[in-house]
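Following: one structure in structure tokens, then a few remarks.
The values are calculated or read from the model by the stated rules, or taken from the named source; none is laboratory data. In this text the structure is predicted, and so the values were computed from the model without any measurement. Cβ coordinates were reconstructed from backbone atoms using ideal geometry, including for glycine residues, and neighbour counts include every protein chain displayed.
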Amino acid sequence: MDDLLKEIRRLNANLERLTDYFVPSRDPAILGRYRAFRSFSQNNRLCFRGIPEPDPVGFEELRGINPVIERLIENTEQFLEGLPANNVLLYGPRGTGKSSAIKALLNRYRKRGLKMIEMPRETLFHLPDVAEILRGRPERFIIFCDDLAFEEEEVSYRELKAVLEGGLEMRPHNMLIYATSNRRHLMPERPEDNLPVLSGGELHPAETMEEKLSLSDRFGLRLGILNFDLETYLDIVSHYAAARRITILPEDLKKKATQWSLSHGSFSGRTARQFVDDLEGRVGMKRPNEKA
């Protein structure tokens, strides 16, 4: 009898593991244990994974986008005070600090109850489920959609449109959506979109464009970032080098940083950080009688 009971318990444990895999549990208690999360979909069911160590980036690390940061902070503080605030779209060239600016909000306002859920594009069809879970909770949540862009044949953007604005159900007051994208309108635009097509295509191109623009229009706050110039890039490099206490002559730093940017084809903040990472590593590895 004891052997039979042990076998039954073993089978039950195996069944529970299989159930968790094929129908994963959605434990709302996890939202109280972490301040940052990543959503994923398992067998078409929404799941959250807590992030124990979120990116510690702060606003003091960012350069060249101060007006954008100011508006982002202002909107977020309105949200935290329970005042009306807008969903946000940050758009612009790669490597200019769009994602870092949003992640820095979590580090600045974590003591005021701000939490953040990163939602990859492939999980956006779960947005109504996320809204249902968050509704009524005491914390404030930013849904972070990084590097967001859609192709014409995709349909997941419609869920995003409905939650942003347009659906029958109101978005929870404790939830905002902050997205970043290299595309201002999140969808591809082509010259032929403005030309009438009389056969084998769209007869009314204006309606096609309206559909493409309607998604970005639902973000109440759309903040654009321009390409950095060499001066801004070198300012970012100098800031990083000073923060990390790298000993190097200013003219040498400028020369090396400029060479690095030319080889990488970009004056972005990301290029500046990568250069300083490389420089700091080489300085740390050098022998006492070698130059940086």
- Has the stretch 39-62 got at least one residue that is part of a helix (DSSP H, G or I) and surrounded by 14 or more Cβ atoms within 10 Å (Cβ to Cβ)? yes
- Note on the structure: Residue set Glu7, Glu77; condition part of a helix (DSSP H, G or I), of a type in the set (D, E, K, R), at pLDDT below 95 and out of contact with any Cys (no Cβ under 6 Å at 6 or more places or on another chain); output residue Glu7
- Query: Residues in the stretch 98-140 that are without any contact (Cβ under 8 Å) to a residue 60 or more places away in the chain, within 16 Å of Ala36 (Cβ to Cβ) and in a loop (DSSP other than H, G, I, E, B): how many?
  - Reply: 1
- Given (1) under 15 Å from the mean Cα position of the chain (by Cα); (2) modelled with pLDDT of 80 or more, index of the condition Pro172 fails: (1)
- Message: Of everything in the stretch 43-102, what is touching a strand residue (DSSP E or B) at 6+ places or on another chain (Cβ under 8 Å) and on the phi > 0 side of the Ramachandran plot? Give them in sequence order.
- Response: Gly92
- Task: Considering each residue of the stretch 245-265, count those that are under 23 Å from Gly58 (Cβ atoms) and within 26 Å of the chain's Cα centre (by Cα), and give that number.
- Result: 0
- Message: Yes or no: the stretch 72-82 includes at least one residue that is closer than 18 Å to Leu226 by Cα and surrounded by 14 or more Cβ atoms within 10 Å (Cβ to Cβ).
- Response: yes
- If you go through the stretch 230-250, how many residues are of a type in the set (D, E, K, R) and surrounded by 11 or more Cβ atoms within 10 Å (Cβ to Cβ)? 2
- Answer yes if at least one residue in the stretch 27-45 is modelled with pLDDT under 95, polar (S, T, N, Q) and touching a Leu at 6+ places or on another chain (Cβ under 7 Å), and no otherwise. yes
- Can you tell me which residues in the stretch 35-86 are in contact with an Asp or Glu (Cβ under 6 Å, 6 or more places away or on another chain), of a type outside the set (A, V, I, L, M, F, W, C) and within 21 Å of Glu118 (Cβ to Cβ)? Arg38
